[in-house]
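Working notes, structure below.
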Amino acid sequence: MTEKKFFDLVKGTVRDYVNEHLDKTDGKSITTDDVYVVWYCKTLQNWKALASTTLPDGMYYELTLNGDRAELYFDAYKKFENRCIAL
């Protein structure tokens with residue numbers, strides 16, 4: 001799998017998940033242009049990416065492609081707090 005194909009898979013998967021979970025009465029949806037990859041890496045035949053969207057909901061997504069099994073693992077997380085702790 002190429003980097004572009006992996007990014008397309010990540011963005012499409014996140015878009016679909018978000019659109020499934022948005023409140024239907026709001027009449028809103030996102031496109032793949034609203035999804036961005038924050039970080040990614042490839043090790044051997046496996047890929048991993050952290051992604052988010054332009055929505056102000058504090059969500060981020062972790063996607064791992066298992067190249068041996070041709071399986072994509074998807075986790076959705078909610079950021080509850082961001083604070084600086086001086087040392």
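Among the lysines of the chain, pairs that are 8 or more positions apart or on different chains and have alpha carbons within less than 16 Å of each other number 5.
Grab the DSSP H runs of the chain that are 4 residues or longer, score each as -39,500 (n - 2.57), total them, divide by all residues and round the 222 nm result to the nearest 500 deg cm²/dmol.
Mean residue ellipticity, 222 nm, calculated: -7500 deg cm²/dmol.
Over the Cα atoms of the stretch 38-87, the radius of gyration divided by the Kirkwood radius equals 1.11; this is the Rg/Rh ratio. The alpha carbon radius of gyration of the stretch 18-61, expressed as a multiple of 2.2 N^0.38 Å, is 1.42. For GluC sites (Glu not before Pro), the sites in the chain that DSSP calls loop and that have at most 16 other Cβ atoms within 10 Å are GLU81.
For the chain, the alpha-carbon coordinates run over 45, 38, 19 Å along the three principal axes, in decreasing order.
Rule-based calculations on the coordinates, nothing more; no lab input. No experiment lies behind these values; they were computed from the predicted model shown. We place every Cβ from the backbone using ideal geometry, glycine too, and count neighbours over all the protein chains shown.
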